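The values are calculated or read from the model by the stated rules, or taken from the named source; none is laboratory data. Everything numeric in this text was worked out from a predicted model, so none of it was measured. All Cβ positions, even for glycine, are placed from backbone atoms using ideal geometry, and neighbour counts span all protein chains on display. Ligands, DNA and RNA are stripped out before the accessible areas are found, and what is left, the full protein with its side chains, is counted by its heavy atoms. Shrake-Rupley method; radii C 1.70, N 1.55, O 1.52, S 1.80 Å.
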Amino acid sequence: MSTIWQDEVAAETRAGGRISDRFIVDKVRAAVLTQRLPPGTRLPEVALGEIFGVSRSVVRKALTRLAADHVVSQQPNQVARVRAPSIEETRETFAARRLVEGEVAALLAGRLDAELLGEIAARVDREAEAHARGDEAARIEHSLAIHHLLAEHSPNRVLGAMLTDLILRTSIVIALYKRAGLASCYLAEDHPALLAHLRSGDGEAARRCIHEHLQALEGLLDLSTRETRIDLMAILGQREGAIP
């Protein structure tokens with residue numbers, strides 16, 4: 001397990017920085033996006049307060065923000081948990097993302113400048129490199145960055161905002177339903193093909209590429225829940241010298 005998060009929190013604390021609810025939101029969201037905090041993970045206020053060195057009031061604000069963003073579920077008198085979407089919601093999420101991201105990709109084809117295309121190409125290369133060295137967390141990070149770049153530069157800002165939300169929701173359901181024993185959801189040809197269509201300006205090919213990519217990802221899911229024990233301190237903790 002990477003110690004990057006622990007190092008970041010420890011560095012900010014040593015520098016006298018104040019840990020805000022936004023800082024906690026960003027860290028938990030990043031953990032969910034990179035599938036280091038699987039769906040169903042309990043997020044006790046006391047544990048989070050100890051990890052980040054903040055009061056429970058700050059933790060509560062962070063959890064409220066995360067609940068509003070559909071990252072965690074909160075019920076009265078119950079410990080918050082990372083959301084665990086149902087099988088039906090999982091299918092609906094993929095269907096919605098195919099429609100939205102397919103349209104965004106079609107709109108962007110032929111409209112991206114050389115700098116942005118270069119940034120996407122760099123992410124495609126880094127994703128392949130991370131997969132080759134077995135760094136799944138980095139591979140997921142670069143894969144997500146590709147899709148977030150599409151969302152951020154969507155000509156239709158409403159669709160872009162919808163896509164940003166759907167990227168997060170999709171990451172959650174992949175973490176929940178990925179087949180047991182499957183080391184990676186890497187689809188080697190998909191992102192290079194998408195990049196080629198964005199460069200050529202073939203909007204329908206870009207749309208089709210997105211549809212096929214998401215269909216293939218959905219096909220890697222087994223749609224059955226699994227219980228997982230999670231060590232929050234190991235993932236989010238700020239203790240110096242913590243064992244990963």
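Just a few scattered comments:
- All positions within the stretch 69-89 that are of a type in the set (A, V, I, L, M) and either part of a helix (DSSP H, G or I) or open to solvent by less than 30 Å² (accessible area, probe 1.4 Å) (or both): V71, V72, A80, V82, I87
- Residue list for the stretch 171-195, restricted to those being of a type in the set (F, W, Y) and open to solvent by 20 Å² or more (accessible area, probe 1.4 Å): Y186
- Candidate set from the stretch 34-57 (those that are open to solvent by 30 Å² or more (accessible area, probe 1.4 Å) and modelled with pLDDT under 85); member that is nearest to H70 (Cα to Cα): Q35
- Residues in the stretch 185-218 that are in a loop (DSSP other than H, G, I, E, B) and either at positive phi or under 18 Å from the mean Cα position of the chain (by Cα) (or both): C185, Y186, L187, G201.
The rows are residues; the columns are (1) assigned to a helix (DSSP H, G or I); (2) out of contact with any Lys or Arg (no Cβ under 8 Å at 6 or more places or on another chain).
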site	(1), (2)
F23	yes, yes
D26	yes, yes
L37	no, yes
G40	no, no
A47	yes, yes
A67	yes, yes
R91	yes, yes
A96	yes, yes
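- Screening the candidates R126, R65 for the property of being within 18 Å of the chain's Cα centre (by Cα), within 29 Å of S154 (Cα to Cα), open to solvent by 30 Å² or more (accessible area, probe 1.4 Å) and touching a residue at least 40 places away in the same chain (Cβ under 8 Å) yields one hit, R65.
- One residue from E103, E115 being at pLDDT 95 or above, under 25 Å from N156 (Cα atoms) and either of a type in the set (F, W, Y) or loosely packed, with under 14 Cβ neighbours inside 10 Å (or both): E115
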